[in-house]
Amino acid sequence: MLANMKSFLQAIINVSEKAANIARACRREAQLFRLLVQEKSNEDKNQRFVHDFKTLADVLIQETVKNELGTKFPELIGFIQGEESNLFTNTLGETIEVKVMITQEDTAELLCKVLDGDKSAADLLALEVHRDVTVESDIPNELNDTNNLLPMDTIGIWIDPIDSTAEYIQGAECSPNSHGIFTSGLRCATVLIGAYNRKTGEPMIGVVNQPFFQEEAENWRGTYFWGVSCEGAVRNSFGEHPSPTNVALLSGSETESLKESLGKHFELVEAAGAGYKQLCIAQGSADVYVLSRGSTYRWDSCAPHAILKSLGGGVIRYCEVVEKLPSVMAFKGNFEDKYGVRYHQQGRKGWCNEEGLIAYANQTNLLRLLSCL
């Protein structure tokens, strides 16, 4: 089956917004918020239950995305992957497979079993799962023509239902720094949905949704960003890329040796969320994101990688590039083509990006970084 590129991208945008609605509902609705942030008590049941609910928010979003895209594009079934297992064991010892049922009532009934009989919470979640969501998008009409058709049997999907879950749970407020970067807080939480070529592993289409982009009258409004780089089409939701910032983004657990090396040439900023940090690169708030460790996974990078690729950048393997620096610096081609992270095959550590990564929006910024290393 061939699918129109515009309609496929629109479907991903729509389901990313539905995912964002579920994430917002879990913080907005008093019944769900209580479960989300409730402190663990001394009772074993409550400790496990609270942990499970936090995980359930992730799993329910993941299964909603899988159900929606699989229903619209049946060739994708079996090739839509995410971070979470969808099996839960409730306090009665029953193992339950969390999935989206045909009707809202059936989904609520299933969730009620997971939530130890909390019908009110189950009904609220099922309502969001089955709500019709259509987003008015800015997708250009040229992605609608017959030259931009996608063979759906060659596409796979990676989902990170809530990237930076800790920031999502804590819900702390944080002001942006002078570059407009939020180093922590709800704004670092993102929904990531990326499509890749199952034969080559190359990222093709990415949508990054920020459910908590702006607070208005105690309610949160979200936003989303997209990028396409496949079948000869290169488009994205960004305007002209801004000037270099001389900022490098790092995770809080980065090595001191790397900080010392980069700190001589860049202003270093530590921020939460692998997806959010890559989004900052696409937005031009920073020049590069460097991670020397294998602490991210394919679901963390696929969607933003596709966006960065559409800008002329990419996500490459840190360790391989650093080990081969003399020859890498002499390389005259596209670094993304030779060293880019790929999404179709597992490595020694499963789906981990075990070699770390470097994310960049243009090759000039990448070369500046490599010269410093």
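The values are calculated or read from the model by the stated rules, or taken from the named source; none is laboratory data. Since the model is a prediction, treat every value here as computed from it, not as a measurement. Don't worry about glycine lacking a Cβ; one is built from the backbone with ideal geometry, like all the others, and counts go over all protein chains shown.
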For this session: Mind telling me which of the residues L150, L192 ends up being over 13 Å from the mean Cα position of the chain (by Cα) and under 18 Å from Q10 (Cα atoms)?
Result: L150
For this session: Working only within the range 322-340, note down all residues that are under 27 Å from W226 (Cα atoms) and surrounded by 18 or more Cβ atoms within 10 Å (Cβ to Cβ).
Result: F335, E336, Y339, G340
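Per-residue answers, yes or no, for (1) out of contact with any strand residue (DSSP E or B) (no Cβ under 8 Å at 6 or more places or on another chain); (2) buried (at least 16 other Cβ atoms within 10 Å of the Cβ):
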| position | (1), (2) |
| --- | --- |
| V114 | no, yes |
| V129 | yes, yes |
| I139 | no, yes |
| N144 | no, no |
| I159 | no, yes |
| D163 | no, yes |
| Q170 | yes, no |
| C174 | yes, yes |
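Let's see how each residue does on (1) under 17 Å from the mean Cα position of the chain (by Cα); (2) surrounded by fewer than 23 Cβ atoms within 10 Å (Cβ to Cβ); (3) without any contact (Cβ under 8 Å) to a residue 60 or more places away in the chain:
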| site | (1), (2), (3) |
| --- | --- |
| M204 | yes, no, no |
| N209 | yes, no, no |
| E215 | no, yes, yes |
| T223 | yes, yes, yes |
| R235 | no, yes, no |
| S243 | no, yes, yes |
| S253 | no, yes, yes |
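Across the range 259-279, which residue is surrounded by the fewest Cβ atoms within 10 Å (Cβ to Cβ) among those that are among the hydrophobic types (A, V, I, L, M, F, W, C) and either assigned to a helix (DSSP H, G or I) or at positive phi (or both)?
That would be L262.
Looking for whichever is modelled with pLDDT of 95 or more and part of a strand (DSSP E or B) here; the options are A282, A248. Which one fits?
None of the others qualify; the one that does is A248.
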Exercise. So, of the residues in the range 260-280 that are touching a strand residue (DSSP E or B) at 6+ places or on another chain (Cβ under 6 Å) and of a type outside the set (A, V, I, L, M, F, W, C), which turns out to be nearest to S178 (Cα to Cα)?
Worked result: E267
Problem set entry | Top-ranked residue in the range 213-241 [being assigned to a strand (DSSP E or B) and among the hydroxyl-bearing types (S, T, Y); ranked as farthest from E142 (Cα to Cα)] | T223
Exercise. Could you count how many residues in the range 91-124 are over 21 Å from E29 (Cβ atoms) and among the hydrophobic types (A, V, I, L, M, F, W, C)?
Worked result: 3
Exercise. Quick one: what pairs do we get from the range 109-132, first residue on the phi > 0 side of the Ramachandran plot, second assigned to a loop (DSSP other than H, G, I, E, B), C-beta under 7 Å, 6+ apart or different chains?
Worked result: D116/N90; D116/T91
For this session: Go through the residues of the range 69-82 one by one and say whether even a single one is modelled with pLDDT under 95, in contact with a helix residue (DSSP H, G or I) (Cβ under 8 Å, 6 or more places away or on another chain) and not aromatic (F, W, Y).
Result: yes
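Looking at E97, E167, E128, can you tell me which residue is within 25 Å of the chain's Cα centre (by Cα), more than 30 Å from M204 (Cα to Cα) and among the acidic types (D, E)? Talk me through it step by step, then tell me what you get.
Numbers: E167 fails: more than 30 Å from M204 (Cα to Cα); E128 fails: more than 30 Å from M204 (Cα to Cα).
Within the list E97, E167, E128, the selection yields E97.
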For this session: Would you tally the residues in the range 83-93 being outside any loop (DSSP other than H, G, I, E, B) and either in contact with a helix residue (DSSP H, G or I) (Cβ under 6 Å, 6 or more places away or on another chain) or surrounded by 20 or more Cβ atoms within 10 Å (Cβ to Cβ) (or both)?
Result: 1
For this session: Enumerate the pairs (first residue in the range 138-152 and more than 19 Å from F225 (Cβ to Cβ); second residue anywhere and among the aromatic types (F, W, Y) and assigned to a loop (DSSP other than H, G, I, E, B)) with beta-carbon separation below 7 Å, excluding pairs fewer than 6 apart on the same chain, so at least 6 apart or on different chains.
Result: M152/F73
Exercise. Looking at K309, is it farther than 17 Å from A195 by Cβ, assigned to a helix (DSSP H, G or I), among the charged types (D, E, K, R) and at pLDDT 95 or above?
Worked result: no
Exercise. Yes or no: Y318 in contact with a strand residue (DSSP E or B) (Cβ under 7 Å, 6 or more places away or on another chain), surrounded by 13 or more Cβ atoms within 10 Å (Cβ to Cβ), at pLDDT 95 or above and within 16 Å of Q278 (Cα to Cα)?
Worked result: yes
For this session: Find the helices (runs of 4 or more DSSP H) located wholly in the range 94-212 whose residues include 3 or more that are under 22 Å from T71 (Cβ atoms) and either at pLDDT 90 or above or of a type in the set (F, W, Y) (or both), and list them.
Result: 104-114, 119-130
For this session: Return the only residue of G313, G356 being touching a residue at least 40 places away in the same chain (Cβ under 8 Å), at positive phi and buried (at least 21 other Cβ atoms within 10 Å of the Cβ).
Result: G356
Exercise. Within the range 52-66, is even one residue surrounded by fewer than 19 Cβ atoms within 10 Å (Cβ to Cβ) and either modelled with pLDDT of 95 or more or under 29 Å from G227 (Cα atoms) (or both)?
Worked result: yes
